[in-house]
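Quick notes on the structure that follows.
The values are calculated or read from the model by the stated rules, or taken from the named source; none is laboratory data. The structure presented is a predicted model; accordingly, all values stated were derived computationally and were not measured. Neighbour counts run over all protein chains shown; Cβ positions are idealised from the backbone, glycine included.
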Amino acid sequence: MRNDKKNLIVDLTFNFGLKIIAFSEGLRELKKYEMASQVFRSGTSIGANIREAQNAESKNDFIHKFKIAAKEADELEYWLQLCNESQFYLNPSKELFIELKTIIKIISKIISSSKNR
């Protein structure tokens, strides 16, 4: 059953997703459509998978959804690093990288503590 009370990681990844949408739109304005799509998909998928985990059918299902979110976060980090290092793309802000690192740490902690329960 779904629990609708406040949830830090759900709220954090939702708000982060909004920032990713804005960043990917900046890439689209530069006509960097392929990169914009990659950033959009991986960046918004983090929160979508975490939200889906809130309705997990089992502990293993919950962990699996969080592992998918972790993979998407790692993929997003890769795309953002490419944007940052390339002279042809919009550079993501340091705050975006810091927030992503924070999300990755929280996801890792949730996975590890869920496995130990």
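Given the options GLU57, GLU52, GLU75, name the one that is at pLDDT 95 or above and closer than 20 Å to GLU34 by Cβ.
GLU75
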Discussion item. Among the listed residues ILE46, ILE68, ILE63, identify the single one that is touching a Gly at 6+ places or on another chain (Cβ under 8 Å) and closer than 21 Å to THR102 by Cα.
Written reply: ILE46
Discussion item. Cβ contacts < 8 Å: first residue farther than 19 Å from TYR78 by Cα, restricted to segment 43-56; second residue surrounded by fewer than 18 Cβ atoms within 10 Å (Cβ to Cβ) and modelled with pLDDT under 95, any location; separation 6+ or different chain. Result?
Written reply: GLN54/ARG2; GLN54/ASN3; GLN54/ASN7; ASN55/ARG2
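The rows are residues; the columns are (1) in contact (Cβ under 8 Å) with a residue 24 or more places away in the chain; (2) of a type outside the set (Gly, Ala, Ser); (3) over 18 Å from LYS109 (Cβ atoms).
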residue	(1), (2), (3)
LEU8	yes, yes, no
ASP11	no, yes, no
GLU25	no, yes, yes
LEU30	yes, yes, yes
GLU85	no, yes, yes
Response to the item:
The condition of being in contact (Cβ under 8 Å) with a residue 40 or more places away in the chain and either in contact with a His (Cβ under 6 Å, 6 or more places away or on another chain) or not β-branched (Val, Ile, Thr) (or both) holds, among ALA69, ALA73, only for ALA69
